[in-house]
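Computed from the coordinates by the stated procedures, all read-outs in this text should not be read as laboratory data. These numbers come from a predicted model, not from an experiment. Glycine also receives a Cβ, built like all others from the backbone with ideal geometry; neighbour counts cover every protein chain displayed.
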Amino acid sequence: MPVPVPPPPPSTTDASVPTEQVVTGPGHRLRLTLLMAGACLPILGAVLIAPVLPQLHDHFAAVRGVDVLVPMALTIPALSLALLAPFAGVLVDRLGRKGLLVTATVVYALLGTAPLWLDSLGAIVASRALVGVTEAAIMTCSTTLIGDYYSGRQRDRYLAMQTMCAAISATAFLVLGGAAGSAGWRAPFWAYAMSLLLAPAMAAFLPRPRSDEHAKASSPTVSKPMARRPFPWRALAGTCALTVFGAVLFYTLQVEMSFLLDDMGVSNSGVIGLATAITSAAIVVGSVVFAKAGRSPQAWLPTAFGLCALGFAVVWLAPNPVLLTLGAVVNCLGGGIMLPSLLTLAMSKLHYADRGRGTGLWTGSFFLGQFLCPLVALALTSAVGTLSNAMGVLALAAAAATAALGLAARTRTAAVPEPMRQMAD
């Protein structure tokens, strides 16, 4: 069984990223596969039924408020996840990671397949809200266990792998939902039953992390590891706030891409789907770049936000669909670097006893940004006249964040004594 180690302290330079304690051995790949699969389940809830929403609307056309309730069936799991992930983090620290993960995965299957038998639109929306509750527990547990099992750059790579798996699975689930939708609007909900295969495998092959190993380990930031420490609210607050903003930047073009292309006269769903797939591939590339480069998250953040700003600017000024798609690719490349950077930065501030709550807060912040992104786009469009101009406003906001993060990185580098920098080199 791998020995979990405490997270490294926040880095001050690229070379100060701590040397990893590599975990290998029998069962390692299976354990990692199960954690990645668990982290993809919330993506299933977010995109699977998108292709059948028109069918769902037609089926319940006579229901009062159908125009509001049907879109809510797609978005309300993300809202539940955003609101409840911090509370799930408290349960993770108090009840344990593995048991809660297995239980939530089973309940996820039961609630996810509920629309197969429900005949009330209101009941379907309610079941979807409860799916978001289980997603909060699954996402928080999966991410927390990665932090428990791995350390250093190995952990950073696997957190980046979460982003890659999420991007790939989003595309796959959209295709699956569309294919299954040909058999009726209920058919895609059968996909939720696959988590019943994951739950017993998680119970059998995921080892329980041992907190006593953390107590024995030394930490350069804490002189007495056994002493009670206050939760690092102040240190985590800035990262969570930046994550909300980053999630808005990350998701806006993915949500609004079809509308931007439609404004340019592109209405063919195949062309729009191809453009969306290309931008999703850029997210994967960005995550790979983050994982392979070995730089600290603080060093990556100005680059990531700068790429997002550049992407928004190109989209804003694009005269044709090709350049618009290119801008979206640049934006998503930055997003693929940004998300693992923010997550590893948050994890670096957390000790074992705090990791569940801290991960829950970060997860809630990320999905809150996802939920807010279409509302922000709508508000900006109303204020500046067109959706394209709204992308220009986001370009300016991202550029301001880039400047602030770059200045902060310079300040941290200047604060490191020269002998320490030479030792790091």
Compute the relative contact order of segment 232-425 as a whole-number percentage, counting only Cα pairs closer than 8 Å that sit 6 or more residues apart in sequence. 32 percent
Using only the alpha-carbon atoms of segment 309-405 as identical scatterers, what base-10 log of I(q)/I(0) does the Debye formula give at q = 0.10, 0.12 Å⁻¹? -0.35, -0.49
If the chain between residue 175 and residue 126 were fully extended at 0.36 nm per residue, the gain over the current Cα-Cα distance would be 15.1 nm
Spacing of the two label points (7 Å from each Cα toward its C-beta) at residue 196 and residue 322, in nm: 5.1 nm
Tell me whether segment 232-425 comes out rounded, prolate or oblate; compute the Cα gyration tensor, take square roots of the eigenvalues as a ≥ b ≥ c, and use a/c under 1.5 as the rounded threshold. prolate
With label points set 7 Å from each Cα along the Cα-to-Cβ direction at residue 396 and residue 61, the distance between them in nm comes to 4.4 nm
Could you calculate the FRET efficiency of residue 204 with residue 87 from 1/(1 + (r/R0)^6), where r is the beta carbon distance between them and R0 is 35 Å, rounded to 0.05? 0.80
Could you tell me how far the Cα centroid of segment 270-289 sits from the Cα centroid of segment 312-376, in Å? 15 Å
Cα atoms only, segment 287-353: Rg and Dmax in Å? 14.3, 52
Taking the Cα of residue 258, stepping 7 Å toward and past its beta carbon, and measuring to each backbone N in segment 298-326: which are under 18 Å? 325
Classified through the alpha carbon gyration tensor (a ≥ b ≥ c as square roots of its eigenvalues; rounded if a/c is under 1.5, else prolate when a/b is larger than b/c, else oblate), segment 129-177 comes out oblate
Sorted by packing (mean other beta-carbon atoms within 10 Å per residue), highest first, where do 65-71, 252-258 land? 252-258, 65-71
Gyration tensor (alpha-carbon) shape descriptor, segment 77-141, a/c threshold 1.5: oblate
Calculate, for residue 407 and residue 119, the FRET efficiency according to 1/(1 + (r/R0)^6) with r their C-beta to C-beta distance and R0 60 Å; round to the nearest 0.05. 0.55
